[in-house]
1. Which order do ILE75, ILE95 take when ranked by solvent-accessible area (1.4 Å probe, heavy atoms of all protein chains), largest first?
2. Would any residue of the range 68-106 have its amide N under 18 Å from a label point 7 Å out along Cα→Cβ of GLU142? List them or say none.
3. With a sphere of radius 10 Å drawn around the Cβ of LEU24, what net charge do the other residues whose Cβ falls strictly inside it have (Lys, Arg +1; Asp, Glu -1)?
4. Would you kindly state the longest site-free stretch of the chain, with sites defined as GluC sites (Glu not before Pro) in a DSSP loop (not H, G, I, E, B) surrounded by at most 15 other Cβ atoms within 10 Å?
5. Calculate, for SER25 and ALA129, the FRET efficiency according to 1/(1 + (r/R0)^6) with r their C-beta to C-beta distance and R0 22 Å; round to the nearest 0.05.
6. Could you work out the longest stretch of the chain that avoids the trypsin sites (Lys or Arg not before Pro) located in DSSP loops with at most 13 other Cβ atoms within 10 Å?
7. Would you mind calculating the gained length between PHE76 and LEU97 on full extension (0.36 nm times residue separation, minus the Cα-Cα distance), in nm to one decimal?
8. Whole-Hz Karplus ³J(HN,Hα) for the range 18-29, in order, using 6.51 cos²θ - 1.76 cosθ + 1.60 and θ = phi - 60°, x for Gly and Pro?
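The values are calculated or read from the model by the stated rules, or taken from the named source; none is laboratory data. Since the structure is predicted, the reported quantities are computational estimates derived from the model, not experimental observations. No Cβ is skipped: glycine too gets one built from the backbone with ideal geometry, and neighbour counts run over all protein chains shown. Side chains are part of the model used for accessible areas, which takes the heavy atoms of the whole protein and leaves out ligands, DNA and RNA. Shrake-Rupley method; radii C 1.70, N 1.55, O 1.52, S 1.80 Å.
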Amino acid sequence: MTGGEAGAARPAAPQLMLIRASELSRTTAQTSGMVRSAAISGDLTGARSLWMGRTEMPPGTNSGDHHHGESETGIFVVAGTPAFVCRDPATGELIRLQTEPGDYIWVPPNIPHREENASPDTAAVIVVARSTQEAIVVNVAEL
């Protein structure tokens, strides 16, 4: 991470920080079927109330079912056409939100969901922001 000068370590005082794509950390909470990489977190940048990173899903994969605890989550679809699946609490039916690049998804706290990438040849890439400084991931048996 770069704190204003090339090669500078985490800043002693708050300032703008540049986090290059090559500096993302995979030492963050994971769910099967996807790879999360942290860019901004308490550990990496000193963030106090934000976690942000990138998630990649290979072609033809589904993530495991999971939720993000107390975090609100905002998702921006960069590439691919992933679907976001949850269960309607009123009817019990599955809801599938099909996305395309440029779309956003909001995930409220404690809502079990999964991501699906049905494309046989295109990886799905999303940028994720959470309202907590760490990536809370609670893997669950089913939606």
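1. ILE95, ILE75
2. Hits in the range 68-106 for GLU142 at 18 Å: 85-96.
3. Numbers: positive: ARG20, ARG26, ARG36, ARG54; negative: GLU23.
The answer is +3.
4. Between the exposed loop sites, the longest stretch runs 6-69.
5. 0.85
6. The longest such stretch corresponds to 49-143.
7. That works out to 6.2 nm of additional length.
8. Per residue, the Karplus-derived 3J(HN,Hα) values read 9, 10, 7, 3, 6, 9, 5, 10, 8, 8, 9, 4 Hz.
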